[in-house]
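Please read the structure below before turning to the comments.
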Number of protein chains: 2
Amino acid sequence: MGLVVQKYGGSSVADAEGIKRVAKRIVEAKKNGHQVVVVVSAMGDTTDELIELAEQVSPMPAGREFDMLLTAGERISMALLAMAIKSLGHQAQSFTGSQAGVITDSVHNKARIIDVTPGRIRTSIDEGNIAIVAGFQGVSQEGKNITTLGRGGSDTTAVALAAALDAEVCEIYTDVDGVFTADPRVVKKAKKIDWISFEDMLELAASGSKVLLHRCVEYARRYNIPIHVRSSFSGLRGTWVSNEPRGDQQVEHAIISGVAHDVSEAKITVVGVPDKPGEAAAIFRTIADAEVNIDMVVQNVSAASTGLTDISFTLPKAEGRKAIDALERSKPTIGFESLRYDDQIAKISLVGAGMKTNPGVTAGFFEALSDAGVNIELISTSEIRISVVTRADDVNNAVRAVHSAFGLDSDSDEAVVYGGTGR
Amino acid sequence: MGLVVQKYGGSSVADAEGIKRVAKRIVEAKKNGHQVVVVVSAMGDTTDELIELAEQVSPMPAGREFDMLLTAGERISMALLAMAIKSLGHQAQSFTGSQAGVITDSVHNKARIIDVTPGRIRTSIDEGNIAIVAGFQGVSQEGKNITTLGRGGSDTTAVALAAALDAEVCEIYTDVDGVFTADPRVVKKAKKIDWISFEDMLELAASGSKVLLHRCVEYARRYNIPIHVRSSFSGLRGTWVSNEPRGDQQVEHAIISGVAHDVSEAKITVVGVPDKPGEAAAIFRTIADAEVNIDMVVQNVSAASTGLTDISFTLPKAEGRKAIDALERSKPTIGFESLRYDDQIAKISLVGAGMKTNPGVTAGFFEALSDAGVNIELISTSEIRISVVTRADDVNNAVRAVHSAFGLDSDSDEAVVYGGTGR
């Protein structure tokens, strides 16, 4: 039995009862002979409450002090969890991100882990302790200041520790049973995925699936750490994410892993752009200089009569104002006609490594949307993903139609298998 | 203008408004040309709420994890305070006890400061920052674990930092205007003391005055750091505690500094102790082994007919059970007749360096109590203090009578000055 890293999110430790339930689960793993390192988030809404307090005392809380504030949340949950484990008769020690050796860069509020030096954790577990580590936080290499990793950072802490400690698996405990073929709140017939590759999971995360964050999966893939996403409530087997399935991991012989959707984006259309070299570059340099992250980009065919074209792109709604302002300021130099801003859009994505070798997937996807009466506004593809933008109102219909068309519904006999090598 | 250490208690930073008010006061000191180091407690009831959470997950929370938990409280208040100062346009940095170099022994939950190495604080203030330090916490010399100093520990943090940084003064901001000649809730005519010596303040603290804790005053006396106790609400000048008054500090020419009272103690009487050598030693060895702190001790005159005597002592009510249990277990070896436990007592103390040279003080004290119809049960004296134990019900009457008899009432023309050298 090797070393297991377990991560529990805020909803799993929302109150004293939750902490006691989680403590029992951790002790179970220890009793089964594992060395156990636990990464824990702040309790329930603690982080949001701290942010609210910060906003009350300061108009734009940020930086070093904001990180110092937020890290109090995990300090509370980790200490309580260690106490709860001790009261079950097992030895536990809690460690801040800094004590656990989570070294980051100096970008406060969204620091990146650059190294993990888990000497104290290793000593603690070798002495028979269960080690409890604060998620979401680290200490900067320069200046030794407390940093936070940004939302969802606890998952990354867990994977990074698992890599540094050469763990057998990183278990991410959450309030759902695993990764599903679509959001179960939208598609009742969505199925839990037993195993999924890092690549497909990365595309799902990039396409709006919220179960695992992109950065965490990326880290796990780089260090080849299998992730097991599962519920802290049910104790059922969840979804394994890894390079290759093990013998006991059921792999659907489908070309599609799942359908993801995202309603957090908006669309900006730059209307009447002179169709000549350098115009698109000027637009996207403006956007980049404003530090706005864009997602899909589409340029329409130029109307021959005018020599003008339209360029559309999507971006997080939260950054819409910033992008519009930047473009307006650059209007004289770029020379477009007008801007259109639309935040009533949804992105629907179909993800699966199998589609590389299955030319019919794109057609099937569009047909399913067409049959459901859903209009497509933008299209973007990668080797293992197709994404389209539709009206926000259409998103639930669209996701259900596509999920069903590709045989992912849980009452389907079998998933659709196109010709080719799709496994 | 030198360096000032300011300490703000939980009631001063109970909410966002309080934090903003305190931030303004701190910035004021900085604008006046001081270097400013601020020690802050947890917001309002935060510490109590964390203790309650701990009790919900663990039957007897204690030790390392409990300290880790409690220190989250100051982390929140110090970060918010630093943000609030920044939003006023001044530079501030917050530091945990560990970052501030507060080194303690390894006794979790009531650690003692053994050294302060304020290198980071010094650098921070020399760079023009206001340094905000978490009170009540430190890091153990061995093991580098987070420790807490026990209730009231933030005052000690402030004095210890003031000593290490060679500050001009340690300002303790609280919710009262200073140290009074008696508890103003009991004696409406109590007067604020303008200046008081370390010695008298130590005796007042030991006798039940809650404004400053004994350990903090002791530390200030050892390193000769003047303390200025004042209100964070009114901004008025408060009480200076130091070795010698400065020219602008008003010294009452009275022999008495104040009247303190304490209703937190109980009395145990060991009845029928054989009046022979070694008996008292056996009793107090038993008490000491049970780690119970005792206060006053009185042995009655032995009754010649029986050769037996009674020994009474007072102790914190919270330790009554422990003391009784320990004595009952030792009854066979010690050989007393019975135990009486009484928690309906009060201790009233008169404190003043002048009484050393004024033989009339004791008589005046007893006369005042007698005139008020208050019966005296135990008496104990030091060079600058007289304490008596009375019925708990009598405490308010007794304190008022003594306060008035010694001319401390605010409508008195002058304090009573006995013959002798009383200043």
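For the rotational copy relationship between B and A, the axis lies nearest to a chain B beta carbon, identified with its distance in whole angstrom as B:A72, 2.
Computed from Cα positions, the angle between helix B:360-371 and the longest principal axis of chain B comes to roughly 80 degrees. For B:Y341, the label point sits 7 Å beyond Cα toward Cβ; its separations from the matching points on the remaining copies run 7.1 nm, from shortest to longest.
When the charge dipole of chain A is built from unit charges on Cβ atoms (+1 for Lys and Arg, -1 for Asp and Glu) and taken about the Cα centre, the candidate among A:A167, A:S207, A:A363 whose Cα reaches farthest toward its positive end is A:A167. Axis angle, to the nearest 10 degrees, between helix A:214-223 and the longest C-alpha principal axis of chain A: 60 degrees. For chain B, modelled as a Gaussian network with Cα springs under 10 Å, which listed residue fluctuates most, B:I227, B:I255, B:I334? Highest fluctuation among the options: B:I334.
Label points for A:T362 are taken 7 Å from Cα along Cα→Cβ. From this copy to the others they lie 10.5 nm apart, shortest first. Tell me the angle of helix B:279-289 to the major Cα principal axis of chain B, expressed in degrees between 0 and 90 and rounded to the nearest ten. So the helix axis and the longest Cα principal axis differ by about 30 degrees. Dividing the helix sum by the residues of the protein assembly as shown, where each DSSP H run of 4 or more adds -39500 (n - 2.57), gives a mean residue ellipticity at 222 nm of -10000 deg cm²/dmol.
State, as an integer percentage, the relative contact order of the range A:3-251 based on alpha-carbon contacts under 8 Å between residues 6 or more apart. Present the calculation step by step, with values, prior to reporting the outcome.
Details: 543 pairs, mean separation 49.6, N = 249.
Here the relative contact order equals 20 percent.
What a 1.4 Å probe finds exposed on the range B:3-251 is 48% carbon and sulfur by accessible area, rounded to a whole percent. Please report how far the C-alpha centroid of the range B:192-207 lies from that of the range A:328-392, rounded to the nearest whole angstrom. After rounding, the separation between the Cα centres reads 77 Å. Beta bridges per DSSP, both residues in the range B:3-251: antiparallel share near 25 percent. Of B:D166, B:D48, B:D67, which has the largest mean-square fluctuation in a 10 Å C-alpha GNM of chain B? With Cα springs under 10 Å in chain B, the top fluctuation among B:D166, B:D48, B:D67 is at B:D48.
I need the shape label for the protein assembly as shown. Rule: rounded when a/c is under 1.5, else prolate if a/b > b/c, else oblate, with a, b, c from the alpha carbon gyration tensor. Taking the square roots of the gyration eigenvalues as a ≥ b ≥ c, the protein assembly as shown is prolate. The distance linking the range B:272-294 with the range A:10-55 is 48 Å (Cα centroid to Cα centroid, whole angstrom). Around the Cα centre of the protein assembly as shown, unit charges on the Cβ atoms of Lys, Arg, Asp and Glu (plus for the first two, minus for the last two) sum to a dipole of about 800 debye. Normalised by the number of residues in chain B, the average gap of Cα pairs under 8 Å and 6 or more apart makes the relative contact order 14 percent. For the range B:3-251, rounded, prolate or oblate, judged on the Cα gyration tensor with a ≥ b ≥ c (square roots of eigenvalues), a/c < 1.5 rounded, else prolate if a/b > b/c? Judged from the Cα gyration tensor, the range B:3-251 comes out rounded (a/c under 1.5).
Using a 1.4 Å probe, what is the accessible area per residue for the protein assembly as shown, in Å²? If you can, show how the numbers build up before the last one.
On the way: 35210 Å² over 846 residues.
Each residue of the protein assembly as shown exposes 42 Å² on average to a 1.4 Å probe.
Site-free segments of chain A were taken between GluC sites (Glu not before Pro) in DSSP loops having at most 10 other Cβ atoms within 10 Å, sites themselves excluded; the longest one is A:143-290. Altogether, the Stokes-Einstein calculation at 37 °C and 0.692 mPa s, with the Kirkwood radius of the range A:1-89 over Cα pairs as Rh, returns a diffusion coefficient of 232 µm²/s. Please figure out what share of the DSSP beta bridges in the protein assembly as shown is antiparallel and state it in percent, rounded to the nearest 5. DSSP beta bridges in the protein assembly as shown are roughly 60 percent antiparallel. Note on chain B: antiparallel DSSP beta bridges, both residues inside, total approximately 60 percent of the bridges counted. Mind checking how much accessible area B and A bury in total, 1.4 Å probe, in Å² rounded to 100? Using a 1.4 Å probe, the pair buries roughly 3200 Å².
Across the identical copies, the 7 Å label point of A:S87, projected outward along Cα→Cβ, sits 3.7 nm from its counterparts, in ascending order. Relative to its residue count, the range B:124-199 spans a Cα convex hull of 158 Å³ per residue. Overall form of chain B: oblate. Here a/c, set by the Cα gyration tensor axes a ≥ b ≥ c, is 1.5 or more, and a/b is not larger than b/c. For chain A, a Gaussian network of Cα nodes joined below 10 Å ranks A:V229, A:V133, A:V273 by mean-square fluctuation, and the top entry is A:V273.
The values are calculated or read from the model by the stated rules, or taken from the named source; none is laboratory data. Being a predicted model, the structure only gives us computed values, none of them experimental. Cβ atoms come from the backbone with ideal geometry, glycine included; neighbour counts cover every protein chain shown. The area values use the complete protein model at the heavy-atom level, side chains included, leaving out ligands, DNA and RNA. Shrake-Rupley method; radii C 1.70, N 1.55, O 1.52, S 1.80 Å.
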